[in-house]
1. Please give the length that would be gained between residue 485 and residue 311 if that part of the chain were fully extended, namely 0.36 nm times their separation in residues minus their C-alpha to C-alpha distance (nm, one decimal).
2. Compute the helix-to-body angle for 231-248: its Cα long axis versus the longest principal axis of the chain, expressed 0 to 90° and rounded to tens.
3. Starting from the Cα gyration tensor of segment 214-334, take the square roots of the eigenvalues, sort them a ≥ b ≥ c, and report rounded, prolate or oblate (rounded when a/c is under 1.5, otherwise prolate if a/b is larger than b/c, else oblate).
4. Would you work out if segment 394-486 is rounded, prolate or oblate? Take a ≥ b ≥ c from the square roots of the eigenvalues of the alpha-carbon gyration tensor; rounded if a/c is under 1.5, else prolate when a/b is larger than b/c, oblate otherwise.
5. For a Förster distance of 22 Å, can you work out the FRET efficiency between the beta-carbons of residue 155 and residue 66, rounded to the nearest 0.05?
6. Rounded if a/c is under 1.5, else prolate if a/b is larger than b/c, else oblate: which is the chain, with a ≥ b ≥ c the root eigenvalues of its Cα gyration tensor?
7. Could you work out the relative contact order of the chain? I mean the mean sequence separation of Cα pairs under 8 Å and 6+ apart, divided by the number of residues, in percent.
8. Once you place label points 7 Å from the Cα toward the Cβ at residue 320 and residue 97, how far apart are they in nm?
């Protein structure tokens with residue numbers, strides 16, 4: 001059994017089987033942008049469904065939200081993104097390539113995630129031994145400079161009254177500013193969480209490794225609100241829950257690990273943070289972040305209470321964020337609109353927040369990589385994707401053995417009956433063995449074949465993807481058999 005070890009092989013598989021395409025490919029493509037094809041969109045949707053089921057449907061203490069991508073610009077002032085969300089970049093004097101300073105290497109290991117600009121500044125004092133990743137020149141760089149990561153856009157019909165907005169760089173702030181709305185319209189009590197899946201946008205200087213790091217991506221985040229003093233307990237709870245989610249959906253434990261953030265790499269809002277990392281096949285295998293779990297303390301809700309108090313200043317400066325300083329908190333800040341009153345204990349406080357934040361695109365890539373397998377079958381190599389049944393894009397494929405004797409009509413009837421319950425695929429082209437192989441590579445758990453015996457006793461062959469074992473099932477029992485096997 002061999003394992004995919006090269007990213008090029010994964011990209012080729014995704015293109016060949018219709019999982020993921022280069023965006024705008026017929027126009028030469030757009031760097032770091034990708035489109036999900038027929039199988040890819042089903043896989044990604046199944047990843048999101050599995051996350052939502054675990055995060056919301058199966059829990060009594062979490063509710064859902066879908067906030068707007070475009071939000072009031074003062075939100076990003078309060079969150080710190082307008083002032084602090086930047087990477088430090090340097091330009092090669094020989095080839096003019098701009099690279100994040102924390103990505104420049106000599107003999108050190110490459111960093112892969114956003115590093116706070118204060119930390120990057122401290123590391124950028126000496127670039128004399130750093131190597132340009134484009135041309136290989138050593139130590140020929142300009143002075144490092146901040147590069148803002150938020151995309152700007154304009155809202156308004158006229159130039160004079162246009163407002164500068166930002167495409168959100170994370171989904172979390174939409175949850176924080178809706179904290180009071182959720183409290184007022186539901187029966188939730190602390191501890192509780194708000195979950196959201198949505199698109200985010202970051203003008204990354206350096207993209208990487210197919211869909212691993214892109215400028216447009218999808219996040220699945222939970223903001224779990226708890227009483228100060230209980231935050232460390234909930235932090236450990238969410239570490240365990242989120243790690244188990246990946247293994248429950250089939251990712252091998254040996255390909256996952258935790259990595260705690262060092263104090264000097266913690267985000268400005270974090271008391272603690274740990275990454276769930278997966279061993280991706282980049283080069284010989286690199287551990288990279290799948291999900292971050294952070295203790296954000298009460299930073300965000302406090303900051304937005306300060307932002308709300310600053311709102312009049314924003315209007316007076318005509319929306320110029322550079323001229324705005326957030327107002328200091330009043331002594332009775334606990335009585336602000338984003339505080340929480342504990343009726344049982346008769347006290348008010350600003351909740352602490354534990355944030356599990358997963359990348360849907362990264363998770364999809366990890367599930368693809370981990371499911372890939374190769375094995376020798378009668379002298380031939382069988383490529384297959386051993387997806388967990390919940391993630392498989394197609395649950396069952398239906399084939400007539402031949403295109404005669406009424407077999408296509410029976411197979412089509414079975415397909416029509418099953419497709420209301422499962423995502424199915426009908427195929428009558430080519431030898432049945434080749435059809436099996438195509439579905440193996442698509443990750444389809446079961447293939448159903450109508451053959452000559454079907455005409456005599458109303459049974460069909462059901463082939464299992466992983467074992468390749470075949471059993472005969474009555475068409476009357478086919479739906480219940482698949483429901484049991486697929487746990488649906």
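1. Fully extending the segment from residue 485 to residue 311 adds 57.0 nm.
2. Approximately 20 degrees, to the nearest ten.
3. prolate
4. In terms of gyration-tensor shape, rounded.
5. 0.65
6. prolate
7. Once divided by the residue count of the chain, the mean separation gives 14 percent.
8. 4.0 nm
All of the numbers you see were taken from the coordinates with simple rules; none came from a lab. Because the structure is predicted, anything quoted here is derived from the model rather than measured. All Cβ positions, even for glycine, are placed from backbone atoms using ideal geometry, and neighbour counts span all protein chains on display.
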